[in-house]
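Here is the structure we will look at.
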Amino acid sequence: MSINCSINLKENDINENKNIVENVAIVDCCQSPSYSATNNFLNVSHPMVRQSSDTTQNRRGRKLSRSSAFDNCEPGASTTGGTQRDRPATSCLGQNEMRFCSPTQCTNVIQMTNVVDTQDGSSDYIQLNQYKLMEEIAQGSYSIVKLAYNEQDRNLYALKVLDKLKLVKNFACFRPPPLRKRGGSTQNNPPTSQQSLSVHRNPLQLVQREIAILKKLAHPNVVKLVEVLDDPQDNFLYMVFEYMERRSLMELPTQNPLNEQLAWKYFRDTLKGLEYLHYQKIVHRDLKPSNLLLSELDSVKIADFGVSCEFEGIDAFLTGTAGTPAFMAPEALSENSNQFYSGRAQDIWSLGITLYALVFGNVPWYDPYVIALYKKIKNDPVTLPENIPISDPLKGLILGMLCKDPGLRYDIMQANILFFN
């Protein structure tokens, strides 16, 4: 099904923002290692991104100070991004949200704490400065997320604890062997800049990049990073986020998908957040229901920027794979590792898979083996289950966003037009 839409936009240049953080990543810097058979294709992202840690070690009396690694992430550093533009008439951002796209309003003020006291408050919690760490609310391979109570403002936060040592060990395990010539000898040529970015980037640099990206963002549909605690001589790094009590939007698969009206509502929130990210020259690369968090006001906030990238110009031109296999676009699965694809189009594809999952409770393509799953994504057509009836506009939106040809795939403007019509 081919859907075409021509849009003429009037562009008005406005002043460049001089107070956004330094650009940390340009194109793809998260190429994943080879995937093996897995049953976690719906929720497991790039193995270098799903960090977790062990917080059972004795941390009494430890002192934390800010790492010099984050010195270049302070507000006021230079950035790429070029000339910003006014929102087009077809933007899904209302008047109340327009200010969040202003070049003077896009920097999130994050506290970088110099010294932190860590001690055991009781058998029930650990005291980390003004934060009381309570029960665990999420866990990954190299990090855990704990509920934290701030004694100063009496609010709850989600405090992510990352084990830096495990991250480095994981990087060493997944680092690929040297390239070899046909005769078996190792190539002496150094890797290209793209290979260096995508393969040999230290995972701690990925965390630093995520923090730098989050410092640029201030929008009601993007999760907010509040504080970062880091000590270069300590094994742990702490990231304090606003607490989303209702957790993620949906875990897949589910027998209880959303009704169409609610799916439209949450899709609109996600679309607003994604439009803001692209406006700030950031591609998310891992949109899925489990990375969409629900606020107390029943609005969606985009989370988890572990594989996100900043870009220059009009788009991010990426190579390799990053994110969750079931949500990857077919052009990202090319066997040619040097073939570039659009980061914006990849995000739109992932958003289309997410919308499909919200109304049908599962992803359109499934296979327990990742290689077989990739073949289905590239070759099998999209089928809409007949047992769950949906409206024609919703069908058109899903099919338009899941067009295998990225040149014919809906972009954000076309999704806005169909949404509001």
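Step through the residues of the range 204-209 one at a time and calculate ³J(HN,Hα) from phi using the Karplus curve (6.51 cos²θ - 1.76 cosθ + 1.60, θ = phi - 60°), rounding each to whole Hz and writing x for Gly and Pro.
Karplus-based 3J(HN,Hα) across the range 204-209 equals 5, 5, 5, 5, 4, 5 Hz.
Where does each of 239, 244, 134 land when they are ranked from fewest to most other beta-carbon atoms within 10 angstrom?
Arranged by neighbour count, lowest to highest, 239, 244, 134 become 134, 244, 239.
Taking a threshold of 28 Å on the Cα-Cα distance, which of the pairs 132/166; 281/376; 281/404; 224/288 fall above it?
Violating the 28 Å limit, Cα to Cα: 281/376.
May I ask for the percentage of alpha-carbon pairs in the range 303-346 that lie more than 13 Å from each other?
Beyond 13 Å sits 54 percent of the P(r) for the range 303-346.
Given the Cα-Cα distance of residue 391 and residue 202 and 0.36 nm per residue of separation, how much length would full extension add, in nm?
Going from the current span to full extension adds 63.4 nm.
What does the highest-first list of 338-347, 406-415, 372-381 look like by mean Cβ count within 10 Å?
338-347, 406-415, 372-381
Using a Förster distance of 45 angstrom, determine the FRET efficiency expected from the C-beta separation of residue 335 and residue 155, and round it to 0.05.
The calculated FRET efficiency here is 0.35.
Among 137-145, 253-261, 220-228, 266-274, what's the highest-first ranking by average C-beta atoms within 10 angstrom per residue?
So the order, starting with the most tightly packed, is 266-274, 220-228, 137-145, 253-261.
We did not get these values from a lab; they are worked out from the coordinates using the rules stated. The model shown is predicted, which means the values in this text are computed figures rather than measured ones. Here Cβ is always computed from backbone atoms with ideal geometry, including for glycine, and neighbour counts include all displayed protein chains.
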